[in-house]
Every structure is written in structure tokens, then in C-alpha cells.
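The structure under discussion appears below in the form of C-alpha cells.
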Amino acid sequence: MFSIILAAGWPIWPLILCSLLAVAVVIERLLSLKENRIAPPKLLDEALRVSRTAVPAREVVDKLAQNSALGEVLASGLRALSLNPRCAEEDLRATMEGSGREVAHRMERYLSALATIASAAPLLGLLGTVIGMIEIFGSQTPGSGAGGANPAQLAHGISVALYNTAFGLMVAIPSLIFWRYFRATVDAYLLTLELAADQFARHLKNLRETA
């Protein structure tokens, strides 16, 4: 592997850095976007159950907020109703929407960096290709060997051009695939949060009216 890096020349080092960053982002997002950390399937039903007749105690609400991203959104509605039992439905929804935007921002964290790597890696590979081509043309000097070419410099230029092109694509393609996967995952979670928040807001409205 080290011999390949040497053959590819210095242009491959930015690509190696991009690959390390991409791997770190992918691992971090895979861990952060697990279902039990975003929207546990039974959490909404549990929140509806514990708040069926009244706003639960502060300890219960805090535990709900720490459970997951969905729990944080639902807990924001309970806190708003606890602070102002006559809170208007529009204010409840606005509070939960604000919490939802914060959650959405956290779910989308680092995705722009992954998209940038997917876009920049082929260009970095192309840069290495151009540098390799420059070395190839530089080897074509009169009197520098058989046929007027420097074989060692010619071979190195070809290596730089091909290795950087290949490595740029090897970094870009997985990065693009994972970016699209994470983007679709986040969109699906956002839809789940939106529907759950809407149902919970109607529940809080009924709870406020019966209080």
C-alpha cells in the first residue's frame, strides 16, 4: 500500500485526508442516526399514555427529553403546557416546531461535509492526473535517453496520473452513496417526527381543554 502511495506522488495525500474524513463522518452518522436515538417506535404511545389525564411530573418530562430526538420534541410541548396551562394551540405547535428544527439541524450535521468530499474527490483526482501528465510531457526532453524520453520520469508520471484518478473515484463514489443514504434517512425521520408532533399537539390541545 505504501508503495502505491509513493507511486501516486504528493497529490494523493489530500485524497487520503478526504478518505479519512469521509470514514469518520460515515461512522459518526451511522451511530447517531440509529432508530432508538431518533424515533423509538413505541415512544409516542408511551408519551400519550403517561399524559392521558394530566401533564406528568418534571422528572418524567426530563427523562422523555433525554430518551431520543422524538422525546425531545414531545417534551417541549409538555413543558410549554406545564408553564402555561392555557397555552394556545398555535403556541404549542410553535414550541414543538422550534424543537424539531433544532433536532433536524443535529441530524443533518456533517452531511454537507460528506457531500463536499464526494464532489471534491474527483477534482482532486483530476488534479493528480494533470500533474502526472505534466511529468509525462516533462520526460520528453531531447537527449534524455532512448527515443529522447526519460523512462523513470515517464513511468512516474503515468503512475501519478492513473493512481490519483482511480483513488479520487474510490473516495467519491462511496461518499456520494452514503450521503444519499443519510439524506434519505434524515428525510424519513423528519417525516416521522412531524407526524408524531402533529398527533401529540392535538393530544395536548384536548388535555388543555379537559384540564
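Can you tell me which residue is farthest from F167 (Cα to Cα) among those in the stretch 107-140 that are of a type in the set (S, T, Y) and surrounded by 14 or more Cβ atoms within 10 Å (Cβ to Cβ)? Please lay out each step first, then the result.
Keep residues of the stretch 107-140 that are of a type in the set (S, T, Y), which gives 110, 112, 116, 119, 129, 139.
Still in the list and also surrounded by 14 or more Cβ atoms within 10 Å (Cβ to Cβ): 110, 116, 129, 139.
Numbers: Y110: 22, T116: 16, T129: 11, S139: 24 Å.
Once the filter is applied, the top-ranked residue is S139.
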### Message
Six or more apart or on different chains, Cβ atoms under 7 Å: show the pairs whose first residue is in the stretch 151-162 and at pLDDT below 75 and whose second is of a type in the set (D, E).
### Response
Q153/E135; H156/E135
### Query
Is there a residue in the stretch 47-59 that is touching a residue at least 60 places away in the same chain (Cβ under 8 Å), within 18 Å of L190 (Cβ to Cβ) and either out of contact with any strand residue (DSSP E or B) (no Cβ under 7 Å at 6 or more places or on another chain) or in a helix (DSSP H, G or I) (or both)?
no
#### Entry: Of the criteria (1) under 30 Å from L81 (Cα atoms); (2) within 29 Å of the chain's Cα centre (by Cα); (3) of a type outside the set (S, T, N, Q), which one R183 fails
(1)
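For every residue, the table says whether it meets (1) part of a helix (DSSP H, G or I); (2) crowded, with 18+ Cβ neighbours inside 10 Å; (3) free of Cβ contacts under 8 Å to residues at least 40 places away in the same chain.
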{"site": "E72", "(1), (2), (3)": "yes, yes, yes"}
{"site": "S76", "(1), (2), (3)": "yes, yes, yes"}
{"site": "D91", "(1), (2), (3)": "yes, no, yes"}
{"site": "G100", "(1), (2), (3)": "yes, yes, no"}
{"site": "H105", "(1), (2), (3)": "yes, no, yes"}
### Query
What number of residues in the stretch 107-119 are in contact with a helix residue (DSSP H, G or I) (Cβ under 7 Å, 6 or more places away or on another chain) and in a helix (DSSP H, G or I)?
7
### Task
Within the stretch 188-204, track down each residue that is under 16 Å from L44 (Cα atoms), out of contact with any Ser or Thr (no Cβ under 9 Å at 6 or more places or on another chain) and either loosely packed, with under 14 Cβ neighbours inside 10 Å or not aromatic (F, W, Y) (or both).
L190, L191, T192, L193, E194, L195, A196, D198, Q199, A201, R202
### Task
Examine the stretch 34-52 for a residue that is under 30 Å from S175 (Cα atoms) and either of a type in the set (D, E) or touching a Lys or Arg at 6+ places or on another chain (Cβ under 8 Å) (or both), and state whether such a residue exists.
yes
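Among the residues of the stretch 60-68, is any in contact (Cβ under 8 Å) with a residue 60 or more places away in the chain and either buried (at least 16 other Cβ atoms within 10 Å of the Cβ) or closer than 20 Å to R208 by Cβ (or both)? Reasoning before the result, please.
Initial filter on the stretch 60-68 (in contact (Cβ under 8 Å) with a residue 60 or more places away in the chain): none.
No, the conditions are met nowhere in the stretch 60-68.
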### Query
In the stretch 34-44, what residues are loosely packed, with under 11 Cβ neighbours inside 10 Å and either assigned to a helix (DSSP H, G or I) or touching a residue at least 40 places away in the same chain (Cβ under 8 Å) (or both)?
N36
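The values are calculated or read from the model by the stated rules, or taken from the named source; none is laboratory data. It should be emphasised that the depicted structure is a prediction, and the values quoted were computed from it without experimental measurement. Heads up, the Cβs are rebuilt from the backbone with ideal geometry, glycines too, and the neighbour counts pull from every protein chain shown.
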